[in-house]
Amino acid sequence: MSVFSAKEFDNHEAVLFFHDRTTGLKAIIAVHDTTLGPALGGTRMWNYESDEAALADVLRLSRGMTYKSSLAGVNLGGGKSVIIGDPRTDKTPALFEAFGRAVDQLGGRYIAAEDVGTSVADLETARQTTRHIAGISEGNAGDPSPATAYGVFQGLKAAVLFRLKKDTLSGIKVAVQGLGHVGYGLCELLKEAGATLIVADINETSVSKAVDQLGAVPVGIEEIYDQDVDVFAPCALGAILNDNTIPRLNAYIVAGSANNQLAEAHHANIMTARGLLYAPDYAINAGGIIMISHEGPKFDREKAMRHVGGIYDTCLDIFKRAERENMTTAEIADRIALERLEKARNDKKKLALAS
Ligand code: NAD
């Protein structure tokens, strides 16, 4: 397996592989960039088809976290970890304690949080063996998912204003793919705002709950792309904006929480050409990281949520700049994130030279 010449390798500062003989833990931690602060990012547990697939995921996701924190204006770097295994059958407390010991070896350079396949409870177990865990209840922000859902809701509202010239979500039709921690929370906010929901999830229980409690209309997991809606909100897994799905989308806007939604960078151009307004994933789903960045002895939830609400303005700014500069929204988001990162890198260099 190649690391330095992997397609997803982007000058990562560190990539560490961990194995624990007793618990069977197999994990990879990637630290992409710590210019802005310690690398913070979730821990994904997934039954990867190969070690290469796990490596590719952790490299891509950790890079994404650098851009996300930079764009969100928080002083955190980008990192991510993956545990190779089936989250439904392979979880044990000992496994997460072993994972905590792995995180601890980085001495705070990487801070773990929950992600797909892991829960706040799992991270609380890992907290037994390291203090470098964020987004758990213990005097902290707790589960970041409600903040992420609120941020997506705000970004979605900005997209509706920009693309459809409507300052209300009343009567807006949204197709939500994935009713997990974030997707379901988003549905609740949308319902409260008067939107109509069309939903799909591989988990039948979540679908039934959305139907019963939120009056959502259920569709099959393949049919969700074809719905005649205003907004398509991907809140499950990545790479779902691709050659197969984009031509099927019958919406004006794509705004959802999933990480790495674009299968390839050029899919942003294809969407723009089709008149689809894309809210860049790491701009709209930064609510959790913003919330976590407020953690500390003086944690103030209301202040943190106001900060999360700023995703509305961030997204609106991206949409306007993209239109003005005739670029895709994804390119503009990257540009803003890189501008801040480059400035911080230069400031650090100057400081080092001066000392
Ligand atoms: P989750 O695991 O709680 O939810 C994912 C949901 O998607 C599950 O209900 C699952 O059954 C469903 N799903 C899986 N495959 C599907 C398919 N093919 N079609 C439809 N549904 C499918 O995860 P989450 O925390 O809600 O995160 C959702 C997405 O948002 C992920 O991509 C995650 O990386 C991203 N994200 C989450 C946060 C957060 O704070 N939790 C922050 C930023 C980004």
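The values are calculated or read from the model by the stated rules, or taken from the named source; none is laboratory data. Keep in mind that this is a model prediction, so the values were computed, not measured. Here Cβ is always computed from backbone atoms with ideal geometry, including for glycine, and neighbour counts include all displayed protein chains.
Here are the numbers:
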read-out: Region 171-190 - residue that is closer than 16 Å to Ile253 by Cα and not hydrophobic (A, V, I, L, M, F, W, C) and, of those, farthest from the ligand (Cβ to nearest atom); value: Gly171
read-out: Scan of region 321-355 for residues that are charged (D, E, K, R) and under 13 Å from Pro280 (Cβ atoms), ordered by number; value: Arg321, Glu331, Asp334, Arg335
read-out: All positions within region 132-152 that are modelled with pLDDT of 95 or more and either closer than 22 Å to Ile221 by Cα or away from the ligand (no atom under 16 Å from the Cβ) (or both); value: His132, Ala149, Val152
read-out: Pair list, Cβ under 8 Å, 6 or more apart: region 221-246 residue on the phi > 0 side of the Ramachandran plot, other residue near the ligand (Cβ under 10 Å from one of its atoms); value: Ala239/Asn260; Ala239/Gln261
read-out: Subset tally (residues that are within 18 Å of His266 (Cα to Cα) and within 18 Å of the chain's Cα centre (by Cα)) for region 306-331; value: 4
read-out: Strands (runs of 3 or more DSSP E) contained in region 17-92 and holding at least 2 residues more than 14 Å from the ligand (Cβ to nearest atom) and modelled with pLDDT of 95 or more; value: 26-33, 77-84
read-out: Residue list for region 127-149, restricted to those being in contact (Cβ under 8 Å) with a residue 60 or more places away in the chain and among the small types (Gly, Ala, Ser); value: Ala134, Gly135, Gly139, Ala141, Ser145, Ala147, Ala149
read-out: Contacts under 7 angstrom Cβ, first residue in region 279-301 being polar (S, T, N, Q), partner within 11 Å of the ligand (Cβ to nearest atom) and in a loop (DSSP other than H, G, I, E, B), 6 or more apart; value: Asn285/Ser257; Asn285/Asn259
read-out: Residues of region 191-216 that turn out to be within 15 Å of the ligand (Cβ to nearest atom) and surrounded by 15 or more Cβ atoms within 10 Å (Cβ to Cβ), as a count; value: 11
read-out: Residue list for region 121-136, filter: surrounded by fewer than 20 Cβ atoms within 10 Å (Cβ to Cβ) and aliphatic (A, V, I, L, M); value: Ala121
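The rows are residues; the columns are (1) among the acidic types (Asp, Glu); (2) closer than 14 Å to Glu13 by Cβ; (3) in contact with a helix residue (DSSP H, G or I) (Cβ under 6 Å, 6 or more places away or on another chain).
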{"residue": "Asp51", "(1), (2), (3)": "yes, no, no"}
{"residue": "Ala54", "(1), (2), (3)": "no, no, no"}
{"residue": "Arg60", "(1), (2), (3)": "no, no, no"}
{"residue": "Met65", "(1), (2), (3)": "no, yes, no"}
{"residue": "Gly78", "(1), (2), (3)": "no, yes, yes"}
{"residue": "Ala94", "(1), (2), (3)": "no, no, no"}
